[in-house]
Structures are given as C-alpha cells and as structure tokens.
Amino acid sequence: MLSIRQQNILKFIIIQYTNTVLPVGSEYIAQNAKLNVSPATIRKELIELESNGYITRPHTSAGSIPLDKGYRFYVENAEKLSLKQSITSDEKNFVLNQLSQASQDLETFVAYSVETLAGLVGNMAIVTIPKYKVPKIQYLQLIPLKGVFVVLVLVLEHNDVRQKLVRLNSVVDSINLQLISNTLNNYLIGLTLKEIKSKEILIDNISNLIISDVIDILKEEELAKSYDHKIDGLLNLINQPEFTENTMFRTILQEIENGTLVRSVLAEISDSTEVVKVIIGQEIRKDDVLPLSLVIANYGIPNYVTGSLCAIGPTRMQYRKTIDGVQFMASAMSESMQSTLHF
C-alpha cells in the first residue's frame, strides 16, 4: 500500500515523464512537486517505489522512469488524480453534429469516428464495424449463373451483404428465379434465424433448398466475430519519441504492416466487456512485448448492434485524456446510432 506521499511522487513522475520522455530526478521532484520535503526524503521514497516495482532507475543517482505497475496504479486512481475535462463542450458539440450527419452511411460513420478518435487522443485508433447480434433478413435475390448454378444474395440489416453459390436440382430460368425470390421474400423479410427455424415453411423443393442455405448463412453470421475495422493515426504513433529510435521504429512498423499488432488489438477488443478497458505494456497478450498501452470501449445498442473502438499509444500515453476521448467517442457513437435506428 502506497502512502499519500508516495502516491503524489509517483503521480508527479508519471506526469513529468509523459510530457518530457525524460527521467525525473529527485532534486527536480523536491523543487517542483510542492511536497515540502527534502531531496533526501524524496530519495528514500524513490527507493521504496523502485523496490516495489512502480519505477525504475538505471542507477541510484539517475532519474526515475515509470514502469507498467506504476502506470496501472495511476490509471486505477485516475479519477482521484485529475478532475480536469480534456474535451471541451465546443469539441463535443462539433463531433456530435458530424456523427449525426455521417450516421446514415456506415462506412462514412466509422471512417469519421476513427479519424476523430485518433485526433482527440493524439495516437493511433482502431474502430470495428458494428455488427448485429441477431441478424435479420432485409431481402434476398437469386441470380442465374450457368446451368443449375445460381448465386444467393442475402441482404441483412444495415445493407450487410452475404453471397453463396447454390446448386439447384434442375435448371430454372431467370423469370421463375425472380418468382421464387419474391415468394421467399414474402416469407422471410424481417425474420431472424430463430424465427425462421420456428416456422414450418414448406413451399417447393427449390425454395426449401434456398431456405436451408439462408439458415446456414445466418448460423455463420451469428457465430462469426466481427474483425472488419478501420485504422487512423499511424503517424501519431510512430512519431512518438520512444519510437523514433531505428530498431523500435522498424519493429512497430513491421508489426503494423504484417498485421501482428492489429490482430493483438482485435483479440483484446473481442474479449472486452467493461465500459472502458485499459491494457498496459506486458498485460497485452503478445509474444513480443512492446511499450504500448490500449484503451478500449464498446459502442452501439447492447444486445442488438455493437462495435468497439481502441486507442493505441506508448505506455506513457496521457491516460486521462485518452480515457476521456475513448469514453466520449463510444458514448457519442452510441447516441448517434440510437437516433438513426430510432431506439
């Protein structure tokens, strides 16, 4: 358990290191932290913080650098450590207005959201495409291909399109395919997988075959994890001071290019159930540990249509600002979707 003085020293070190990326010396802490204690007392407290794994010092006379445990303590006490709002009312109103205009088109909505989040937090951002928890059929269409083969085009809510190649028992001309499509739409539009399976829909052999394929598509859709996503702010991340060193720069860039970093982020996103989840340094489930932190939140309409957003930055990221940005964007995106979908 850290004493109040140790907490204040740790907070001061983290804030200074976040702003300067330079080790923080005991003399500097004594002169600027307003703790009214001597440098000797500060050094004694630093020894305690170091021995407990909150900070590191290359040698006894060197300045202090926060470790993952120190950042974790800071994040868990962030509400106590800062009451200042990092997003202004004007910024919030502007974003809400833009989201409202973009919400009619899913691609535009997600693209604007990820760009805005990256700008708010000053780091890299990922936003996943929202996915319906229980997909409903908007309509279907059968398109003749060649011989007995047709393409089943199944359009789900929000114009989410799925296609499947189907082999019929016999050749059906385009006019009759359209009649079968119309009949199936009369039965299936607006239904979920559960609702279709609960009905005994018996039409004809070809229609029943198509219904079986529709059921297969909906089963896959309900089981699938949504990894469709958009990324923005790559330059924000690689321009951070700790990543300008050649080896680290190449490592970060390579992991982004080969998808390793994004896959790790998406794996964390898929398991996130908290309002906001902060993952720091070695807490990220990766084979190779990079000095990165993630701030994750979910957005959308619970139990109906949801997605996730994530800010990615160095472990010395401005956590209060980043948490505020992620929370605000998740709330704003959810509000916009509720308004658009009339919830």
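The values are calculated or read from the model by the stated rules, or taken from the named source; none is laboratory data. None of these values were measured; they are calculated from a predicted model. Cβ atoms come from the backbone with ideal geometry, glycine included; neighbour counts cover every protein chain shown.
For the range 69-181, please list each of the helices (runs of 4 or more DSSP H) lying entirely inside it that holds at least 3 residues being within 30 Å of THR56 (Cβ to Cβ).
Filter on the range 69-181 gives 78-81.
Among the candidates ARG72, ARG57, single out the residue that is touching a strand residue (DSSP E or B) at 6+ places or on another chain (Cβ under 8 Å), in the same structural domain as THR20 (by TED's automatic domain parsing), closer than 20 Å to ILE323 by Cα and charged (D, E, K, R).
Result: ARG72 is the single residue among ARG72, ARG57 that is touching a strand residue (DSSP E or B) at 6+ places or on another chain (Cβ under 8 Å), in the same structural domain as THR20 (by TED's automatic domain parsing), closer than 20 Å to ILE323 by Cα and charged (D, E, K, R).
Residues of the range 1-54 being closer than 20 Å to THR315 by Cα and touching an Asp or Glu at 6+ places or on another chain (Cβ under 8 Å), which ones?
If the condition is that a residue be closer than 20 Å to THR315 by Cα and touching an Asp or Glu at 6+ places or on another chain (Cβ under 8 Å), then ILE9, VAL21 are the ones that fit.
Does ILE15 satisfy being closer than 23 Å to PRO241 by Cβ and either surrounded by 19 or more Cβ atoms within 10 Å (Cβ to Cβ) or free of Cβ contacts under 8 Å to residues at least 12 places away in the same chain (or both)?
Values: closer than 23 Å to PRO241 by Cβ: yes; either surrounded by 19 or more Cβ atoms within 10 Å (Cβ to Cβ) or free of Cβ contacts under 8 Å to residues at least 12 places away in the same chain (or both): yes.
In short, yes.
Identify the residue in the range 205-221 that is touching a helix residue (DSSP H, G or I) at 6+ places or on another chain (Cβ under 8 Å) and loosely packed, with under 15 Cβ neighbours inside 10 Å and, among all such residues, is farthest from GLN138 (Cα to Cα).
LYS219
Return yes when ILE201 is of a type in the set (Val, Ile, Thr), without any contact (Cβ under 8 Å) to a residue 60 or more places away in the chain and under 22 Å from THR128 (Cα atoms) and no when it is not.
Numbers: of a type in the set (Val, Ile, Thr): yes; without any contact (Cβ under 8 Å) to a residue 60 or more places away in the chain: yes; under 22 Å from THR128 (Cα atoms): no.
It is false that ILE201 is of a type in the set (Val, Ile, Thr), without any contact (Cβ under 8 Å) to a residue 60 or more places away in the chain and under 22 Å from THR128 (Cα atoms).
If a residue has to be in contact with a helix residue (DSSP H, G or I) (Cβ under 6 Å, 6 or more places away or on another chain) and either over 14 Å from ASP204 (Cβ atoms) or outside the structural domain of ILE210 (by TED's automatic domain parsing) (or both) to count, how many in the range 173-193 make the cut?
Residues in the range 173-193 being in contact with a helix residue (DSSP H, G or I) (Cβ under 6 Å, 6 or more places away or on another chain) and either over 14 Å from ASP204 (Cβ atoms) or outside the structural domain of ILE210 (by TED's automatic domain parsing) (or both): 1 in total.
Looking only at the range 25-67, which residues are aliphatic (A, V, I, L, M), part of a helix (DSSP H, G or I), within 39 Å of the chain's Cα centre (by Cα) and surrounded by fewer than 15 Cβ atoms within 10 Å (Cβ to Cβ)?
ILE47
For ILE13, only one of the following conditions fails: (1) at positive phi; (2) modelled with pLDDT of 95 or more. What is its number?
Result: ILE13 fails condition (1) only.
Is it the case, given these coordinates, that ALA118 is buried (at least 18 other Cβ atoms within 10 Å of the Cβ) and on the phi < 0 side of the Ramachandran plot?
yes
Just checking, which of VAL134, VAL153 is closer than 30 Å to TYR304 by Cα and modelled with pLDDT of 90 or more?
Testing whether each residue is closer than 30 Å to TYR304 by Cα and modelled with pLDDT of 90 or more leaves just VAL153.
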